[in-house]
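The numbers here are math on the coordinates, done by the rules we state, and not lab data. The shown structure was predicted, so the numbers you read here are calculated from the model rather than taken from an experiment. Cβ coordinates were reconstructed from backbone atoms using ideal geometry, including for glycine residues, and neighbour counts include every protein chain displayed.
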Amino acid sequence: MNPLYKTVGIVGTGAMGRGIAQLAAQAGSLVRLFDAQPDAASKARDALFVQWDKLVDKGRLDPALASICKAALVPAAGLENLSDCDLVVEAVVERLDVKKSLFLSLEGVVSPQAVLATNTSSLSVTAIAAGLKHPERFAGYHFFNPVPLMKVVEVIAGLKTGASTCDGLAAYARQMGHTPVQAQDTPGFIVNHAGRGYGTEALRVVSEGIADFATIDRILKDQAGFKLGPFELMDLTALDVSHPVMESVYQQYYDEPRYRPSVITAQRLAGGMLGRKTGEGFYRYQDGAAQITPEPPAPTVPEMPPVWVSPRAARRSELLQLLKNLGASIETGASPSMNALVLVAPLGFDITTVAVVERLDPARTIGIDMLIDDAATKRRVLATNPATRSDMRDAAHALFARDGKAVSVIRDSGGFVTQRVVATIVNIASDICQQGICTPKDLETAVTLGLGYPLGPLAMGDRYGPTNILEVLFNMQTVYGDPRYRPSPWLRRRGAIGLSLMHQES
């Protein structure tokens with residue numbers, strides 16, 4: 001092995017510091033591990049030795065390499081023992097004063113050629129570097145927990161960071177077996193910035209009384225393919241981690257509406273309902289398993305009314321074919337009969353608005369989300385309006401459940417659930433590109449590796465159609481009057497002229 005940095009110092013021996021030390025040792029570097037707490041470095045070394053032994057026992061690490069790694073890991077008694085390091089990575093508490101003081105001290109210890117890096121997840125790289133004599137050799141180097149498994153690393157340039165510094169850190173990340181993405185120094189960098197839409201929009205859906213936590217999680221997993229629903233995810237990461245990030249990004253962007261946090265998470269954080277680690281969050285946990293009430297079966301309807309479909313419905317031909325497959329009696333007149341179940345399929349508008357604009361009887365009007373091809377989903381989502389009769393709601397539910405596919409019935413919402421969450425994700429990602437925070441390619445890589453989304457957000461926008469996403473956002477902005485939903489210029493321009501959202505101007 002010929003590592004780019006022969007000797008690497010790690011300051012901080014928490015889970016993040018240990019993880020980075022593990023990667024550096026496995027890349028062939030001599031690793032000096034320092035912590036201000038007495039014996040912490042030695043305990044961290046011992047913990048890594050145990051971890052490597054387990055990997056050897058499982059056949060996932062060569063015994064010879066494990067021995068080399070153990071020999072390469074050396075506890076440091078003080079900062080002065082890091083004087084020969086080519087790279088020093090800090091992974092201490094997220095406090096600006098602590099990090100600034102640490103790097104001022106390190107600059108007086110290491111050689112002028114050594115690279116200094118912070119693993120901060122939320123603080124400004126530029127602010128940490130302020131006061132350094134050589135800020136050009138300082139950068140952000142943001143790993144994600146658990147470090148060995150999360151394969152993405154954000155390399156962040158401060159205002160005075162030299163390009164060669166970032167290039168070197170990116171190359172070293174590859175030697176560690178990870179994938180680097182490069183970003184400018186902005187709140188949340190790439191991953192924490194791009195991730196703002198998923199949870200915050202789901203929280204808004206709950207706050208409007210549209211659906212409960214479990215229903216929203218089911219919809220986003222079954223319709224859009226997310227591995228975890230937003231409330232499952234927040235329970236996993238814990239609200240004492242996720243809510244402060246929401247607040248931090250929102251405040252650092254001077255109260256930008258797209259990142260607005262929710263009083264729901266603030267209240268639950270105050271009440272200690274943090275998630276899995278406290279046994280209760282959005283779900284209760286027993287022996288580590290979420291206690292979720294099973295979905296009720298589809299209602300039984302003695303007689304199915306005929307169905308009339310709005311001529312303005314999204315994917316109307318597909319919807320009509322689906323109804324035929326389900327055995328519905330379909331009306332083809334210019335307007336529905338007095339007994340018909342009226343189906344609408346809007347993009348972004350709520351069912352109430354569509355019923356009023358199209359002069360339909362709201363008592364018999366039901367909406368269905370057709371943003372995504374029905375064949376590509378595991379769940380159908382219907383929405384009532386405040387006047388919808390219960391017999392019409394039950395008839396629609398029973399009809400769309402005839403082939404065994406799951407059905408969720410929610411209350412009226414501009415954009416149902418999937419439309420508004422997906423559109424918010426795509427819009428925020430588009431604006432990251434518009435601001436020049438990173439390239440579209442690095443954005444897609446960071447989000448798929450760092451957040452585990454089924455697609456990168458720009459690819460998601462391309463799959464469902466930039467013009468459709470634009471329509472959802474424009475119509476939601478009309479329904480809610482909230483600048484949160486204003487489309488990014490990146491999305492608006494590419495959607496208007498039919499370009500891929502991945503397209504970057506030359």
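In the range 160-240, if every C-alpha pair distance is counted and binned at 5 Å from zero, what percent goes to each bin?
3, 12, 17, 17, 13, 11, 11, 9, 5, 3, 0
Are there GluC sites (Glu not before Pro) in the range 135-219 that DSSP puts in a loop and that have at most 15 other Cβ atoms within 10 Å, and which ones?
Of the GluC sites (Glu not before Pro), the ones in loops of the range 135-219 whose Cβ has at most 15 other Cβ atoms within 10 Å are Glu208.
In Å, what is the Rg of the alpha-carbon atoms in the range 127-198, and how long is Dmax?
My reading of the Cα-based Rg and Dmax gives 12.6, 40 Å.
Please compute, for the alpha-carbon atoms of the range 227-312, the extent along each of the three principal axes and give them in descending order in Å.
54, 41, 23 Å, listed from the longest principal axis down.
Rg (Å, one decimal) plus Dmax (Å, integer) for the alpha carbons of the range 28-176?
Reported Rg and Dmax, both Å: 15.8, 48.
Express the relative contact order of the range 194-332 as a whole percentage, based on alpha carbon pairs under 8 Å and six or more residues apart in sequence.
For the range 194-332, the relative contact order is 18 percent.
Which value, to two decimals, describes the C-alpha radius of gyration of the range 394-483 once divided by 2.2 N^0.38 Å?
Rounded to two decimals, the normalised Rg is 1.32.
Report the local net charge at Asp412: Lys and Arg +1, Asp and Glu -1, summed over other residues whose C-beta lies under 13 Å from its C-beta.
0
Have a look at the DSSP beta bridges in the chain and tell me what percent are antiparallel, nearest 5.
20
Val115's amide H: which non-local residues (gap 5+, or another chain) put their own amide H closer than 5 Å, with H modeled 1.01 Å from N in plane and none for Pro or chain starts?
Residues meeting the amide H criterion: Leu87, Val88.
What angle do you read, to the nearest 10 degrees and between 0 and 90, between the alpha-carbon axis of helix 40-57 and the longest principal axis of the chain?
Taking the Cα atoms of the chain, the angle to 40-57 is about 60 degrees.
Based on the Kirkwood radius over alpha-carbon pairs, what value in µm²/s does the Stokes-Einstein equation return for the translational diffusion coefficient of the range 254-381 at 20 °C and 1.002 mPa s?
For the chosen part, D equals 117 µm²/s.
What are the residues whose amide H is under 5 Å from the amide H of Ala406, where those residues sit 5 or more places off or on another chain and H is modelled from the backbone?
Close amide H contacts, sequence-distant or interchain: Arg380.
Determine, for each peptide in 115-125, 55-65, the mean count of other beta carbons within 10 angstrom over its residues, then list the peptides with the highest first.
Those peptides, ordered most packed to least, come out 115-125, 55-65.
What number results when the radius of gyration of the range 355-443, computed over Cα atoms, is divided by 2.2 N^0.38 Å?
1.42
Select from the range 236-265 those chymotrypsin sites (Phe, Trp or Tyr not before Pro) which occupy a DSSP coil region and have at most 11 other Cβ atoms within 10 Å, ordered by residue number.
Tyr254
What distance in nm separates the two pseudo spin-label positions at Ser105 and Ala363, each 7 Å out from Cα along the beta-carbon direction?
7.6
Before anything else, pin down the relative contact order of the chain: Cα pairs under 8 Å, at least 6 apart, normalised by residue count, whole percent.
12
Using Cα atoms only, what is the angle between the long axis of helix 196-207 and the major principal axis of the chain, expressed in degrees (0 to 90) to the nearest 10?
It works out to around 40 degrees.
Are there any GluC sites (Glu not before Pro) in the range 276-376 that are in a DSSP loop and have at most 14 other Cβ atoms within 10 Å? List them by number.
Glu303
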